[in-house]
Amino acid sequence: MADTGFNLSIFEEFLGAAAIAASIVTSPLLRPWYRKWGASDAEVGMSLPGDELVPDPRLESTRAITIQAPASVIWPWLVQMGQGRGGLYSYQRLENLIGCDIHNADRIISEHQNLKVGDRVRLTPQDNPSFDVATIVPDSTLILRGDIPNPQGKPTTWIWIFYLNPIQEGTTRLILRSRLDYASSFGNTLMWRVFTDPIAFNMERQMLQGIKARVEASASN
């Protein structure tokens with residue numbers, strides 16, 4: 001059973017839900033800000049491993065956070081992410097309201113440290129939505145790829161790139177890039193751009209903050 005010491009309070013989860021609702025309503029205005037939350041212009045513009053998997057994304061974001069720990073200390077928290085594993089370090093109650101059955105860990109779980117290319121990282125107890133591990137470079141790069149078939153044409157492809165960039169001894173930038181491509185249609189635009197994009201921002205921001213809190217707490221012990 002995963003520990004719960006870092007899980008958010010009900011009030012914090014309520015604020016998260018309110019932020020998601022506000023982001024959906026105001027996304028046309030906020031998108032230029034939240035698509036690069038925490039990231040410098042240089043980080044937004046830099047090429048990352050995995051960019052080539054979705055060369056012409058319809059939606060792209062680059063978000064980042066500074067963590068006071070070396071990349072080797074951050075890496076185990078990334079490797080164990082996923083439903084039925086270490087969780088997603090985000091709004092656990094909100095995720096579970098829609099049946100994700102997420103349990104965020106506040107410790108390194110040894111049995112979930114052997115991730116390899118081709119492994120499935122689920123977001124719910126079902127196989128979809130989920131990602132497959134496309135690339136794994138220890139202490140550096142984790143790339144997750146999700147492909148959603150479309151019987152009428154082009155499938156939807158979504159990649160998550162987790163990139164650890166040491167900036168000085170004991171300090172690392174965790175960069176999270178999302179690139180998404182989908183068939184052009186009103187339904188897809190409504191689902192991905194209007195709803196999923198602002199929701200993903202709030203969940204990813206809390207994920208980055210959740211990872212930072214766990215890593216820095218463990219590094220100080």
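The values are calculated or read from the model by the stated rules, or taken from the named source; none is laboratory data. Source: prediction; values computed, not measured. Because the Cβ atoms are built from the backbone with ideal geometry, glycine has one as well, and the counts that use them run over all protein chains shown.
Picking from Pro32, Pro49, Pro55, which residue would you name as being more than 27 Å from Ala219 (Cβ to Cβ), in a loop (DSSP other than H, G, I, E, B) and either of a type outside the set (A, V, I, L, M) or in contact (Cβ under 8 Å) with a residue 60 or more places away in the chain (or both)? Only one candidate qualifies: Pro55. Checking the structure you have, find out if any residue of the range 89-104 is touching a Pro at 6+ places or on another chain (Cβ under 8 Å), touching a residue at least 40 places away in the same chain (Cβ under 8 Å) and surrounded by fewer than 18 Cβ atoms within 10 Å (Cβ to Cβ). Scanning the range 89-104, I find no residue that is touching a Pro at 6+ places or on another chain (Cβ under 8 Å), touching a residue at least 40 places away in the same chain (Cβ under 8 Å) and surrounded by fewer than 18 Cβ atoms within 10 Å (Cβ to Cβ), so the answer is no.
Within the range 129-152, residues that are under 18 Å from Ser178 (Cα atoms) have Cβ atoms under 7 Å from residues that are outside any strand (DSSP E or B) and at pLDDT below 95 in these pairs: Pro129/Leu123; Ser130/Leu123; Gly146/Pro129; Asp147/Pro155; Ile148/Pro155, counting only partners at least 6 apart in sequence or on another chain.
Exactly one condition in (1) outside any loop (DSSP other than H, G, I, E, B); (2) surrounded by 15 or more Cβ atoms within 10 Å (Cβ to Cβ); (3) modelled with pLDDT of 90 or more is not met by Glu111; state its number. Condition (2) is where Glu111 drops out. None of Pro55, Pro49 is more than 17 Å from the chain's Cα centre (by Cα), within 26 Å of Pro155 (Cα to Cα), of a type outside the set (A, V, I, L, M) and surrounded by fewer than 18 Cβ atoms within 10 Å (Cβ to Cβ) except Pro55. Say whether the condition of being surrounded by fewer than 20 Cβ atoms within 10 Å (Cβ to Cβ) and at pLDDT below 90 is met by at least one residue in the range 134-148. Taking every residue of the range 134-148 in turn, at least one turns out to be surrounded by fewer than 20 Cβ atoms within 10 Å (Cβ to Cβ) and at pLDDT below 90. Could you tell me how many of the residues in the range 58-94 are under 24 Å from Ile24 (Cβ atoms), assigned to a helix (DSSP H, G or I) and of a type in the set (S, T, N, Q)? Number satisfying all stated conditions: 1.
When Pro198, Pro125, Pro149 are checked against the criterion of being farther than 17 Å from Val79 by Cα and touching an Asp or Glu at 6+ places or on another chain (Cβ under 6 Å), a single residue qualifies: Pro125. For the range 152-192, taking the residues that are touching an Asp or Glu at 6+ places or on another chain (Cβ under 8 Å) and of a type in the set (Ser, Thr, Tyr), the one that is farthest from Asp41 (Cα to Cα) is identified as Thr156.
The strands (runs of 3 or more DSSP E) located wholly in the range 135-221 that include 2 or more residues which are over 23 Å from Trp37 (Cβ atoms) occupy 141-148.
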